[in-house]
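Asker: Structure in structure tokens, see below.
The values are calculated or read from the model by the stated rules, or taken from the named source; none is laboratory data. Quick caveat: nothing in here was measured; it's all calculated off a predicted structure. We place every Cβ from the backbone using ideal geometry, glycine too, and count neighbours over all the protein chains shown.
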């Protein structure tokens, strides 16, 4: 079986971490070699950069600095984790990838898509997922989930203001609409089990 690269994308509070675990377990139960990973992170060098990105005040980095740090982390992640796994035929399921940079530093931070994709070309040789899932959620429910998470201590990305979150959601929708062959949009307001079933249904052609 050939390797597949699957990404979970979306704004804050949509349940990507929950679905990362559930989807990976469901694929493994079907006998698939699954590598579960995340961005920023997923390799020793990328995890070190993650600490710089996710800790500190909201204004610690501007959008350009963030984009460069994310691209550097992604380059290490791709070279040391993702490409080796795909080469041996494993499926890689990743919480966020370059489309998050396009949404966060692009839609949220105002950088051009061309600039972000140029960094991706240099750092990761334009690697793109075989399938990307956009988990969507009603803004009120997303805000409720974020308020619960904030009580436990939000990271820099989760603590960005409401207008930033709105720009983020709009940009994700634009990105997904532009590449319908790669993207599938999933209602994250369903029960967790129903969301997982929806994800699996959209991978059925490869199972």
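Residue by residue, here is whether (1) modelled with pLDDT of 95 or more; (2) more than 30 Å from residue 90 (Cβ to Cβ); (3) assigned to a loop (DSSP other than H, G, I, E, B) holds:
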{"site": "153", "(1), (2), (3)": "no, yes, yes"}
{"site": "165", "(1), (2), (3)": "no, yes, no"}
{"site": "176", "(1), (2), (3)": "yes, no, no"}
{"site": "195", "(1), (2), (3)": "yes, no, no"}
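Asker: When residue 92 is evaluated against the numbered criteria (1) surrounded by fewer than 19 Cβ atoms within 10 Å (Cβ to Cβ); (2) under 24 Å from residue 18 (Cα atoms), which criterion, by number, is the only one it fails?
Answerer: (1)
Asker: Give me a count of the residues in the range 181-193 that are part of a strand (DSSP E or B) and buried (at least 20 other Cβ atoms within 10 Å of the Cβ). Let's see the steps before the verdict.
Answerer: Narrowing the range 181-193 to residues part of a strand (DSSP E or B): 183-187.
Next cut, buried (at least 20 other Cβ atoms within 10 Å of the Cβ) only: 183, 186.
Number satisfying all stated conditions: 2.
Asker: Scan 123, 107 and give me the residue that is within 16 Å of the chain's Cα centre (by Cα) and either closer than 21 Å to residue 175 by Cα or not in a loop (DSSP other than H, G, I, E, B) (or both). Before the answer, list the steps.
Answerer: Numbers: 123 fails: within 16 Å of the chain's Cα centre (by Cα).
Going through 123, 107 in turn, just one is within 16 Å of the chain's Cα centre (by Cα) and either closer than 21 Å to residue 175 by Cα or not in a loop (DSSP other than H, G, I, E, B) (or both): 107.
Asker: Additional query: Assess whether residue 143 counts as being assigned to a helix (DSSP H, G or I) and farther than 26 Å from residue 164 by Cα.
Answerer: no
Asker: Report whether or not residue 98 is crowded, with 18+ Cβ neighbours inside 10 Å, within 28 Å of residue 139 (Cβ to Cβ) and without any contact (Cβ under 8 Å) to a residue 40 or more places away in the chain. I'd like the intermediate steps shown before the answer.
Answerer: Working: crowded, with 18+ Cβ neighbours inside 10 Å: yes; within 28 Å of residue 139 (Cβ to Cβ): yes; without any contact (Cβ under 8 Å) to a residue 40 or more places away in the chain: yes.
Yes.
Asker: Residue by residue through the range 34-92, note down the ones that are out of contact with any helix residue (DSSP H, G or I) (no Cβ under 7 Å at 6 or more places or on another chain), assigned to a loop (DSSP other than H, G, I, E, B) and modelled with pLDDT of 95 or more.
Answerer: 88, 89, 90
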